[in-house]
1. Pick out, from HIS39, GLN116, HIS5, the residue whose Cα sits farthest towards the positive end of the charge dipole of the chain, with +1 on the Cβ of Lys and Arg and -1 on the Cβ of Asp and Glu.
2. Which of the GluC sites (Glu not before Pro) found in the range 20-113 are in a DSSP loop and have at most 15 neighbouring Cβ atoms, other than their own, within 10 Å?
3. Tell me the mean residue ellipticity at 222 nm calculated for the chain from its helices only (DSSP H runs of n ≥ 4, each -39500 (n - 2.57), averaged over every residue, nearest 500).
4. Report the full-extension gain for the segment GLN86 to GLN8: residue separation times 0.36 nm, less the Cα-Cα distance, to one decimal in nm.
5. Taking loop as defined by DSSP and a crowding limit of 16 other beta carbons within 10 Å, which trypsin sites (Lys or Arg not before Pro) in the range 35-100 fit?
6. Applying 1/(1 + (r/R0)^6) with R0 = 41 Å to the Cβ-Cβ distance of LYS20 and SER112, what FRET efficiency is obtained, to the nearest 0.05?
7. Once amide H atoms are placed 1.01 Å from N in the peptide plane, what residues at a sequence separation of 5 or more from ARG14, or on another chain, have their amide H within under 5 Å of its amide H?
8. Rounded, prolate or oblate: which fits the chain when a ≥ b ≥ c are the square roots of the eigenvalues of the alpha-carbon gyration tensor, with rounded for a/c under 1.5 and prolate only if a/b beats b/c?
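FYI, it's all coordinate maths here, none of it is from the lab. Just so you know, these numbers come straight off a predicted model, no measurement behind them. Don't worry about glycine lacking a Cβ; one is built from the backbone with ideal geometry, like all the others, and counts go over all protein chains shown.
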Amino acid sequence: MSREHLHQISVHLRCAEPQKDSKLGWCGRHAQYFRPGRHLLPDAYYCDWHRAPSDLPVPVDPLIRRVAIVAEIDLAGVTLLPRPAQHEAVLRLEAAVAEIGGRLNICRVSSSMARQTPPARPAVTNAERGRG
Ligand SMILES: [Zn+2]
């Protein structure tokens, strides 16, 4: 596929530094530096914290791996009225996605009345049963 036929999207580039101590596995912060690929390593982007002295400024139209996630997200509405509850929930989700450098494409928004189930109780161990 030629470069001219690729999607054009506006998202933050994200740092490719591995983070073994993080459950996410990668830094993922906003990247402002470019490291050309070598041997089997692909081109990559790095944040100010993880840049190497030889890293370059990001090119004008950098290639990225676009990750598109289709999901259903449940939130409690801030009100029982459907429209303001849905509107606030969309704004809050957009803000959360923007905070990690993404862009939210809303496909559908709906709401319905529900009852919140109580949180699951932690399992009681035999040692705890013996106390008292
Ligand atoms: Zn980083």
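1. Value: GLN116.
2. Values: sites: GLU72, GLU88, GLU94, GLU99; in loops: GLU72.
Taking the range 20-113 and a limit of 15 other Cβ atoms within 10 Å, the loop GluC sites (Glu not before Pro) found are GLU72.
3. Values: 2 runs with 22 residues, N = 132.
The per-residue figure over the chain is -5000 deg cm²/dmol.
4. Working: separation 78, 0.36 × 78 = 28.08 nm, distance 2.84 nm.
Roughly 25.2 nm would be gained on extension.
5. Working: sites: ARG38, ARG51, ARG65, ARG66, ARG92; in loops: ARG51, ARG65, ARG66.
When the trypsin sites (Lys or Arg not before Pro) of the range 35-100 are filtered for loop state and at most 16 Cβ neighbours within 10 Å, ARG65, ARG66 remain.
6. On the way: r = 43 Å, r/R0 = 1.04.
For LYS20 and SER112, the calculated efficiency is 0.45.
7. For ARG14, the qualifying residues are ALA31.
8. Details: a/c = 3.11, a/b = 1.49, b/c = 2.09.
Here the chain falls in the oblate category.
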